[in-house]
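Taking it in order: structure first as structure tokens, then the write-up.
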Amino acid sequence: MMKKSALLACLLAGATMCSSAGAADLAIGLKSEATSMDPQFHQLSTNTQVLLNIFEPLTKQDPFQKVTPGLATKWESVNDTTWRFTLRGGVKFQNGSALSPRDVIYTYCRVPLVVNSPSSFTIYTAAILDVTADGKNAVLIKTDGANPLLPTDLSNLPILSADAAGADATVTYKPGGKCEGMGKVPQSVDFNSPAVAVGTGPYKLDRFVRGSEMVLTRYDGYWGTKPDWDKVTMRPITSDGPRIAALLSGDVDMIESPPIQDLKRVKDAGFKVIDALSNRIIYLALFQDSKATAPNINGTNGKNPLLDKRVREAISLAINREAIVARIMGGYAKVAGELLPPPMFGTNGRAVDKYDPKKAKELLTAAGYPDGFEITLGTPNDRYINDSQVAQAVAQMLVRIGIKTKVDAQTASQFFSRRNKLEFPMYLAGWGASSGEMSSPLKSLVATYDKKTGMGPTNAGRYSNPEMDKLLTAAMSTIDDAKREVMLGKAEKMVLDDYGIIPLHYEQTVWAMKKGLSYAARVDQYTIASDVHAAK
Amino acid sequence: MSDDALTAGLAPTATAEPLAADSPFKRLLHTFLEDKLAVIGLVLFTLVVLLAIFAPLIAPQNPYDLAQLDVLDGGLPPGSASMSTGGIYYLGTDEQGRDMLSAILYGLRISLLVATVSLAFAIAIGVTAGTMAAYFGGKIDSLIMRMVDLQLSFPAILIALILLALWGRGVDKVIIALVIVQWAYYARTVRSSAIVEARKDYIEAAHCLALSHSRIMFHHLLPNCLPPLIVVATVQIAQAIALEATLSFLGAGVPITEPSLGLLIANGYNYLLSGRYWVSLFPGIALVLTIVAINLVGDRLRDVFNPRLQK
Amino acid sequence: MIVYILRRIGQSLFALAAMAILVFIGVFAIGNPVDILVNPEANQAEIAATTARLGLDKPLWEQFARFVGHLFQGDLGTSFVYGRPAMEIILQRLPATMELAVTALILAVVIGVPLGVYAGLKPDSIGGRSVMAGSILGFSLPNFWQGLLLILIFAVLLGWLPAGGRGETVEVLGIRVSFLTLDGLRHMILPALNLALFKMSLVIRLTRANTREVCLQEYIKFARAKGLSSTRIVLVHILKNIMIPVVTILGLELGSMIAFAVVTETVFAWPGMGKLLIDSINLLDRPVIVAYLMLTVVIIVTINLIVDLLYSALDPRVRLSQVKA
């Protein structure tokens, strides 16, 4: 029936609506909109996934977040603090100029010079001491300490055209935004112009109308596989229902994150649904700062029950993860026993905690809380897939073992501020490892909070395990991949066996599209138009 | 703040004349009952109120008690049996395993509570402010009316978010937010009719009798501005319920574990396109029936109160 | 008269200042914009740097003082999210919303007035009653729900109209508009209808009530007695008399539609100001919220002023000197 109505839609709508059905054009409905066309303005996945069509970094992450060659064909560490990247030959920018080390130096130089950035890319360049040309086709990058993740980090910094940006003939790198030969540095708004937004990617910027659409056209001089589409239109459709309606009614050819409850309907209507495990873990954090009183816990005479490992274990065992995945997530998630889905880098194959309410109850009794206690569970209600629903289900299960749980669901705008002010004794949140390896969640979520070293910035449960910290710090400066992976796996096991943080499930990312399309589902949840192909 | 949040516009509909002092209540009732549609509305409305009041006695489940919910019963279609207790879910369940029938009954309670309480406060504040503005004029008038301007420019979602941030989430905060949003409409409505009334002879006469300001305002001026208010209020109840739903839709409504009718609809909105029609359809129908009933009654009341329209 | 208007403008400046203060305190109470803007991978030093870059490290009063200082130079602040002047971002979105609001208003009047007059002339007929019952539905459905139902029916099931977005636009005097292209019009029908339904109910009820009032007036009875055709009575006498309140109210409603078409714009992915407001609130983009709401105050204050002037022109008993304001 749906097929029929789609056909009817085409007949009624005439050419404008159905042109997208032809092989040449592609229209995609996105969940959110890029805030700028400047790839160095706002570090935000929404921006990255769109701009990767126009710009390319030295290294790329494949759908499984493995680092693969981008504009650099190979790279090696010369010594602990120096890397050499060999540039790809024959690459031309969309304005015709050839890729050279100058473009690379310019790109890294510009990062700290972007004004008004709401989330700067300097976290990737702060440790870079020097970038120099090594002959015509390579660059040397020096860092202030051993950084095994540099090739991964650089995948976040697409290369700009120094010519299009108006740089001088020679650009010299100086750390901290003091580069020479930068000319007048174009700012975020200048990138709305296709003359400045020049990259090496398969598509060129045609126009960006904020709130409405972004249009790309093919770049015929692309060095790689020729792009499939003449024109790609990306439209932000933030509400779930309307986004799916846009697909069903033929307005767009493909959408990202269709609401999972609607997938059956989408499939029945003859559309293709693909999904992949993402790198995003949904977890519960528990307040474990032994020096502070836990907020919003009652019935424990002022003690913080979460400091007791048995209570933390009880909470984990009380949660029926399978039921949450099946009922709340509609099967589009995977129960989690780690902070990254195996076999990603640094996982150790730890088993998922088994649902065992009886044992949970016993543990609570042993810990001295036979009647449980009262606690508040904080959760955002507009950030992760069905976030507040998952929190409600968790609360339901905790109530069963006697922990009277109140759900405090809020918009992300309130939730994150309150969480960072440590107002929740227990909260639900998610973490996507942008580097695709275990150091990311460990460093941010469970390493001891320390302003000086920059560890544990998102550790609002204030879990602290000095032994783990030591191991993690050592791992983060180990260049040898095999060694590092083992160390990270060990560090993760330490935390999880201590129930320092409670993994719930890995989100699954879903895309829905017309039958004739294909897309390689990505763990980083990006929707990259240039990777959408006409199915053969 | 929502598209439909403004009804101050109804003021001029309210053309009713002051009630004649001797018009007996019985006659009004009799006139009211002449209209069959209004009677149906009244019956429906009474039924809805009774259902809401006695929800805890009627509902098979307490949908606000998490211990009574089972996520394994989530998303069952109408008429399914519970996997754990064997009870029948006549209207199905939502994804938490919440019995929709119980949730609607309880939700109705919250919605009616939120709507009527916020309405009562908003009217009290708005009417006082509006009457004072009209009666005193001058500085007081400008002060109040500029506050109204300010209020009408301030979106409800922002008010709700600020209140939630300051005092946490709760039904009472939603009520406060709705009061803050709505009082301005009444103030403006009352002021516009009171300004006209205030220049009439009987008010002049009251002045000559040297009656106190408050006596003139609340005993003489206000009663003559009331009939339009009653009419506006019936429409506004619908608005309050819809506004509360909109706040829930935008993520700033009542607590999710204690859904109102509006929150149920906002939740169900996510399921409107999927096969689980019951999650959104039934609360929607309950809401529409309630509002239609209120308005049928309200419409008739308007006609009843307008003596000139009687045959 | 001029003194009166000047005084009103003076008072409105206070309303503007109050709005700015309220938004500053409000956003401060809701949360810290940096917490939501900054990439989760950022460490404490990066977060501190971003806070300083956005000027959020200063005490609130100092932030406000800086805002006021810039305001006097005609600068309403720079968006945290877009890094562009807040006013520029808002004005970019204004045409889309204006277009939608005006279309909705026209729909509401063109459909609402005739139905209302009909229901007013024949209050007891089946048709008249159905119109009234229908108008109840018009404001009992929550806007977002009704919007999705419209999409479900007309876009998904019937496939007649697009589900959202603005469609093809053409540039007129540097402003992008949809109403001049067929595709743009098709995109506009559903959101405009969604926005109009409530106003339409309002117009129907207003018109009906006023029609009934007017019909009882002596001059209508006189006109009937004189044997004028009922078409003429309706067109000349009734319409003329009911249009004044209808127009007054719709003026006010237009203000609210322009300012707060939030829900409709969200549901239909319409790139207007309302969508911008809700996005800005969700991201705590304070400069945009402040600028937006100050603009709203200006719109509403202006419309109210015009309405008050109209009142006094229409009803001689209400004199400006008496209202004084």
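The values are calculated or read from the model by the stated rules, or taken from the named source; none is laboratory data. The model shown is predicted, which means the values in this text are computed figures rather than measured ones. Neighbour counts run over all protein chains shown; Cβ positions are idealised from the backbone, glycine included. Ligands, DNA and RNA are excluded from the accessible area calculation, which covers all protein heavy atoms including side chains. Shrake-Rupley method; radii C 1.70, N 1.55, O 1.52, S 1.80 Å.
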Query - Cross-link table A:K443/A:K490; A:K406/C:K58; A:K204/A:K267, entries beyond 24 Å C-alpha to C-alpha - result: A:K406/C:K58; A:K204/A:K267
Query raised in the report: What number in nm² do you get for chain A if you take the convex hull of its Cα atoms and divide its surface by four?
Result: 24.8 nm²
Requested in this report: With the cut-off at 37 Å, report for chain B the share of all Cα pairs above it, as a whole percent.
Outcome: 26 percent
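Considering only protein heavy atoms and a 1.4 Å probe, what is the carbon-and-sulfur percentage of the accessible area of chain C?
Carbon plus sulfur share of accessible area: 71 percent.
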Query raised in the report: Which shape class applies to segment A:190-245: rounded if a/c is under 1.5, otherwise prolate when a/b exceeds b/c and oblate if not, where a ≥ b ≥ c are the square roots of the Cα gyration tensor eigenvalues?
Result: oblate
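Rg to Rh for segment A:400-536: what is it, with Cα atoms only and Rh by Kirkwood?
1.06
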Query - Lysine pair count for segment C:86-282 [Cα-Cα under 26 Å; pairs on different chains or 8 or more apart] - result: 8
Query raised in the report: In chain B, how many lysine pairs have Cα atoms under 27 Å apart, counting only pairs 8 or more places apart or on different chains?
Result: 4
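Per DSSP helix of 4 or more residues, -39500 (n - 2.57); summed, then divided by the residues of chain A. What does that give at 222 nm, rounded to the nearest 500?
-7000 deg cm²/dmol
Given DSSP loops and a limit of at most 16 other Cβ atoms within 10 Å, what is the longest stretch of chain C that contains no such trypsin sites (Lys or Arg not before Pro)? Mind showing how you got there, number by number?
Working: sites that count: C:K226, C:R317, C:R319, C:K324.
So the longest stretch without any such site is C:1-225.
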Query raised in the report: Total Å² of accessible surface buried at the C-A contact, 1.4 Å probe, nearest 100?
Result: 4200 Å²
Query raised in the report: So which trypsin sites (Lys or Arg not before Pro) in segment A:65-171 end up in coil per DSSP with only 11 or fewer other C-beta atoms within 10 Å?
Result: A:K136
**Report entry** Nearest-0.05 FRET efficiency for B:A124 and B:S214, computed from C-beta distance (R0 22 Å)
**Finding:** 0.90
**Report entry** Label point distance in nm, A:N137-A:T473, each placed 7 Å from Cα along Cα→Cβ
**Finding:** 4.3 nm
Report summary line: Given a Förster distance of 25 Å, the FRET efficiency implied by the Cβ-Cβ spacing of A:D371 and A:S290, rounded to the nearest 0.05, works out to 0.60
Report summary line: Interface buried area C-B, accessible surface with 1.4 Å probe, both sides summed, nearest 100 Å², comes to 5900 Å²
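Taking a quarter of the surface of the convex hull around the Cα atoms of segment B:99-196, what do you get in nm²?
7.3 nm²
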Query - Along principal axes, Cα extents of segment A:427-471, largest first, whole Å - result: 23, 23, 18
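Please compute the average number of Cβ atoms from other chains found within 10 Å of each residue's Cβ in peptide A:228-237.
2
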Query raised in the report: What trypsin sites (Lys or Arg not before Pro) does segment A:422-506 have in DSSP loop regions with at most 15 other beta carbons within 10 Å?
Result: A:K451, A:K452
Requested in this report: Count charges around B:L69 for me, please; just the other residues with Cβ under 9 Å from its Cβ, Lys/Arg as +1, Asp/Glu as -1.
Outcome: -3
**Report entry** Chain lengthening between A:A534 and A:K74 when straightened (0.36 nm per residue, less Cα-Cα)
**Finding:** 162.6 nm
Query raised in the report: Where in segment C:109-157 does accessible area fall by at least 40 Å² between the isolated chain and the complete protein assembly, at a 1.4 Å probe radius?
Result: C:R129, C:I136, C:F139, C:S140, C:P142, C:N143, C:F144, C:W145, C:L148, C:L152, C:V156, C:L157
Query raised in the report: Percent of alpha carbon pairs in the protein assembly as shown separated by more than 61 Å?
Result: 14 percent
Requested in this report: Would you mind computing, in nm to one decimal, how far apart the modelled labels at C:I106 and B:I88 are, each placed 7 Å from Cα along Cα→Cβ?
Outcome: 5.5 nm
Report summary line: Computed over segment A:37-124, the distribution of all Cα-Cα distances in 5 Å bins, rounded to whole %, is 3, 12, 19, 24, 23, 15, 5, 0
Report summary line: Kirkwood Rh over alpha-carbon pairs of segment C:86-282 plugged into Stokes-Einstein at 4 °C, 1.567 mPa s gives a D in µm²/s of 71 µm²/s
**Report entry** Residue-normalised accessible area of segment C:86-282, expressed per residue, 1.4 Å probe, Å²
**Finding:** 35 Å²
Report summary line: With label points set 7 Å from each Cα along the Cα-to-Cβ direction at A:N95 and A:V115, the distance between them in nm comes to 2.1 nm
